[in-house]
Structures are given as structure tokens and as C-alpha cells.
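The values are calculated or read from the model by the stated rules, or taken from the named source; none is laboratory data. Just so you know, these numbers come straight off a predicted model, no measurement behind them. Positions of Cβ are generated from backbone atoms using ideal geometry, with glycine treated the same way; all protein chains shown enter the neighbour counts. Surface accessibility is based on the protein's heavy atoms, side chains included, excluding ligands, DNA and RNA. Shrake-Rupley method; radii C 1.70, N 1.55, O 1.52, S 1.80 Å.
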Amino acid sequence: MSQEGEQDHSDRKKYEFRKVIEDLKSYEGSGTQLVTIYVPEDRQVSDVVAHVTQEHSEAANIKSKQTRTNVQDALTSIKDRLRYYDTYPPENGMVLFSGAVDSGGGRTEMVTKVLENPPQPVESFRYHCDSDFLTEPLEEMLADKGLYGLVVLDRREANVGWLRGKRVEPVKSASSLVPGKQRKGGQSAQRFARLRLEAIDNFYQEVAGMANDLFVPERHDLDGVLVGGPSPTKDEFLDGDYLHHELQDKVIGKFDVAYTDESGLYDLVDAAEDALADAEVMKDKREMEEFFEELNAGNLATYGFEQTRQNLVMGSVDRLLISEDLREDVVVYDCPDCSNTDYVTIDRRKSTPEHTCSECGAEIEADEDDREDAIDHLIEIAEQRGTETKFISTDFEKGEQLYNAFGGVAGILRYSTGV
């Protein structure tokens with residue numbers, strides 16, 4: 001599989017995990033009766049079974065009969081699932097969830113799920129019993145990767161922050177006491193120049209102190225440091241070795257940036273596009289910039305669920321762009337009167353409505369078998385046609401526009417179809 005193909009597969013896998021996590025987070029138990037077990041790949045399944053058996057025995061001491069029964073039923077269900085595995089869990093381990101969840105009207109239903117091959121290895125065995133399933137370790141696995149320290153400064157002000165995956169986070173700022181270039185009356189030119197240089201040096205030390213305090217504790221996870229500002233400020237700052245030596249070694253570029261307030265941090269990320277070529281934010285931005293170029297001046301853009309779907313079926317879509325925030329189902333309405341098929345997207349939380357056929361006006365009903373996740377529906381067609389799928393974050397302006405203005409679905413075409 002090519003590197004891009006592997007990335008597409010990884011993106012889809014992450015999406016599927018994100019869906020499951022959202023479902024798990026929506027469940028609630030009436031007591032501490034929802035069981036979560038994280039199993040690393042080097043933990044023998046027999047050890048896990050023994051642990052579950054021990055917990056089942058200890059659960060007999062729970063005072064509430066209902067909670068006792070629910071916990072023991074959950075553990076029995078997990079034990080039954082573990083029988084399907086050999087000596088060790090799958091690659092990267094697995095996570096098991098089981099418990100009686102509230103289903104409304106004072107009723108409960110037993111839910112049991114097993115997540116295999118998470119995006120990152122499960123690091124340690126963990127048993128958790130609470131009123132919610134434990135999903136935080138899985139959410140951390142799906143968090144945006146890439147951590148960069150950002151510094152923008154001139155001789156008046158400075159801002160320091162993070163680029164975490166696709167998200168710019170301003171953290172600290174400082175204003176300088178460096179006097180302007182015009183000296184006050186009564187001061188010699190030499191004395192004024194000396195005082196000004198001292199003030200500049202003090203300010204650079206203050207900025208470096210902010211950066212060191214923020215970045216040094218994270219230096220082992222830091223992918224790089226970016227420094228921006230006008231010349232010669234950023235050059236003086238870096239050439240003066242003000243930063244901690246381990247941070248100085250991680251500086252991957254210095255860039256001309258006009259603003260040094262919080263907006264300068266965003267300008268710095270834009271200016272560092274080449275240096276951040278592998279950072280997720282730049283990949284998403286490039287996709288969306290190409291889409292908007294085609295939308296405004298070309299003929300190789302499509303958007304909206306129905307138009308994009310039609311182009312996918314024709315095999316004309318080179319890259320399918322899907323918003324990470326899209327949460328919709330598609331309902332397939334087959335008209336019995338005229339054999340027309342309509343594909344209608346609805347909010348995932350809403351029930352399946354009746355639909356008026358777009359061709360003959362007949363009223364059509366659909367059942368749950370005619371409904372599926374809209375993203376899964378599109379990706380399946382894309383995979384059959386050799387189309388790449390890109391998930392686009394909403395953490396930048398054009399990514400937000402994809403979700404809000406274009407329905408969360410768009411595509412860059414191989415050739416124009418007129419659809």
C-alpha cells in the first residue's frame with residue numbers, strides 16, 4: 001500500500017474509532033456498573049480472564065443488589081468475549097467495554113463492545129468500573145499529532161504559544177520597555193545607545209524566559225521551534241543564544257512576520273509552510289486552498305453530498321474532502337412508482353422521515369435498513385473508484401467553511417463532469 005493509501009486507511013480507522021468513542025461517551029449507568037478494561041498487546045488473555053474472574057468474585061460484596069447484578073453480568077459478558085482470543089490480544093492491544101446503560105423510562109440494556117487494534121498501542125493494563133465508560137486514553141490516541149513551539153517578537157512586544165497538530169494556542173505575551181530611537185534632551189548619544197541596548201537585551205532575556213518556561217518541560221515531545229518577527233529582531237534573538245540550548249537546537253526556521261501580537265502566531269504558521277510541510281494543519285490548508293482555487297477560477301471542484309456522490313460514482317473525484325465534524329446519516333429512498341432513487345442526508349440523532357420522490361412526487365417511506373452513516377457511504381464508493389479521502393479539520397477558517405457553507409462534503413475532480 002502506498003504512503004498516501006496507508007494514510008487514507010489510517011484516517012478512516014481513526015474516524016471509525018471516533019464514532020465508537022462518541023457512542024460510548026453517550027452511555028450512562030445508574031451506578032458504578034460500567035466496566036472498562038484496557039489490555040496491552042503483551043498481556044496474556046488468560047491473565048485478563050483471571051483478573052475478570054477475581055473481580056466477579058469481589059463484586060459479590062456490592063451492597064446494592066441491582067448494581068451487584070449489573071457488574072457481574074458485565075464481567076460475564078467480557079469473559080465470554082475473551083474466549084474468542086488466543087494467547088495474546090491483537091496488535092496494539094484492545095479495550096473492552098460492558099455494562100447496563102440507561103435506555104430511558106427507567107429501563108436499562110446491556111452493551112458490550114470490543115475495540116481491537118487502536119491507533120496507538122495500549123500502554124498498560126487498566127480495570128475501571130464507574131458510571132461512565134473510560135474513554136480518555138482512547139481520545140488521547142486520536143489527538144492531533146505534532147507539537148511546535150511558536151515565538152513572535154519585535155522590540156515592542158512578543159507572544160509565545162503552541163502549534164498542537166492543527167491548533168494554534170497563544171499562551172504568553174510581554175511588552176518591552178525599550179525606548180524609541182529618538183533620545184531625550186540632556187542624554188549623550190553614547191549613553192542613550194547603551195541604555196537602549198541594555199533594554200533590548202533585557203527584553204530578549206524576558207522573551208527567552210517565557211519560551212524556556214513553556215517549552216523546556218515539553219522538549220522531549222517537541223517537534224520543533226519556529227521564530228518570527230521583523231529583521232533584525234528575530235536574527236538578534238536567535239544569534240544571541242537567549243533560548244535554552246536544547247530549544248536552540250530545535251529551531252527549524254526563522255520567518256518574516258509583520259505582526260507580533262497573537263495574530264502574529266497564526267501568521268508565523270502560515271509563513272512557515274515549507275518548514276511545516278508534514279504538519280497536519282498545512283496538509284489540510286493546501287487541500288482547501290486548491291479546492292477554493294478550483295471553485296473560484298477552475299472547473300474541478302464539487303461540493304454538497306448529492307453532487308459529490310454523483311461525481312464519486314462516475315469515478316471523477318481525485319480527492320474526497322470530508323469535514324471531521326460531519327455527523328450525518330444518509331437514507332436511500334427507492335421510489336416504487338418510478339424506480340427513482342434519492343439519497344437524503346439527515347442528522348444522525350433524528351428518526352427516519354418520509355420523503356417525496358424528486359421525480360414523480362410520490363411519498364416514500366424508508367426503514368432503518370435503508371439508512372447508514374453518510375461518511376461510510378461515501379468512503380465505500382471512493383475506495384471502489386480509487387479516490388483518496390481526506391478528513392479536514394474545522395480548526396482553521398477554510399476548514400470551518402467546508403463544514404458550515406458546503407455541508408461538510410466536497411471534492412477535487414480529475415476532470416470536469418458538469419455535475
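Which of these, Leu265, Leu96, Leu226, has the largest mean-square fluctuation under a Gaussian network model of the chain (Cα springs below 10 Å)?
Leu96
Quick one: net charge of Gln33's neighbours, Cβ under 15 Å, K/R +1, D/E -1?
Once positives and negatives cancel, what remains is -4.
Taking all protein chains as present, what is the carbon and sulfur share of the accessible area of the chain, in % to the nearest whole number, probe 1.4 Å? Walk me through the intermediate numbers first.
Working: 9050 of 21490 Å².
That fraction is 42 percent.
Which value in deg cm²/dmol, rounded to the nearest 500, describes the helix-derived mean residue ellipticity at 222 nm for the chain, given -39,500 (n - 2.57) per DSSP H run of n ≥ 4 and division by the residue count?
The helix-only estimate for the chain comes to -12000 deg cm²/dmol at 222 nm.
Keeping every protein chain in place, order Val251, Val225 by accessible area at 1.4 Å, biggest value first, i.e. largest first. Don't skip to the end; give the middle numbers.
Working: Val251 40, Val225 0 Å².
Per-residue accessible area, sorted high to low, gives Val251, Val225.
What does the convex hull of the Cα atoms of the chain come to per residue, in Å³, rounded to a whole number?
222
Roll a 1.4 Å probe over the protein heavy atoms and report the accessible area of Tyr127 in Å², nearest 10.
60
Sorted by packing (mean other beta-carbon atoms within 10 Å per residue), highest first, where do 155-162, 313-320 land?
Output ranking for 155-162, 313-320: 155-162, 313-320.
Taking C-beta distances below 4.7 angstrom as the pairing criterion, name the unpartnered cysteines of the chain, in sequence order.
Cys129
By accessible area of protein heavy atoms, probe 1.4 Å, what ranking do Asp235, Asp274, Asp102 get, highest first? Don't skip to the end; give the middle numbers.
Working: Asp235 35, Asp274 140, Asp102 75 Å².
Ranked list, largest accessible area first: Asp274, Asp102, Asp235.
Please identify, among Val409, Val281, Val111, the residue showing maximal mean-square fluctuation in a Gaussian network model of the chain using a 10 angstrom Cα cutoff.
Greatest mean-square fluctuation among the candidates belongs to Val111.
Enter the accessible area per residue of the chain (Å², integer; probe 1.4 Å; all protein chains in place).
Heavy-atom SASA per residue in the chain reads 51 Å².
If you count the DSSP beta bridges with both ends in the chain, what percent of them are antiparallel, to the nearest 5?
Working: 55 of 70 bridges.
Close to 80 percent.
Once you have the Cα-Cα distance between Glu198 and Ala258, take 0.36 nm times their residue separation minus that, and quote the gain in nm to one decimal. Walk me through the numbers on the way to the answer.
Values: separation 60, 0.36 × 60 = 21.60 nm, distance 2.41 nm.
Extra length available between Glu198 and Ala258 comes to 19.2 nm.
Among Ile364, Ile21, Ile346, which one moves the most in a GNM of the chain with springs linking Cα atoms closer than 10 Å?
Ile364
Restricting to the range 144-293, compute how many DSSP beta bridges are antiparallel as a %, nearest 5.
Rounded to the nearest five, the antiparallel share is 60 percent.
Looking at the square roots a ≥ b ≥ c of the eigenvalues of the Cα gyration tensor of the range 9-54, which shape do they give, rounded for a/c under 1.5, prolate if a/b is larger than b/c, or oblate?
Taking the square roots of the gyration eigenvalues as a ≥ b ≥ c, the range 9-54 is oblate.
Using the Cα atoms of the range 261-301 to build a convex hull, what is its mean projected area in square nanometres? Don't skip to the end; give the middle numbers.
On the way: hull surface 14.0 nm².
Reported value for the Cα convex hull: 3.5 nm².
Once the Cα atoms of helix 65-82 and of the chain are each reduced to a long axis, what angle between those two axes, in degrees from 0 to 90 to the nearest 10, is obtained?
For 65-82 against the chain, the angle is about 90 degrees.
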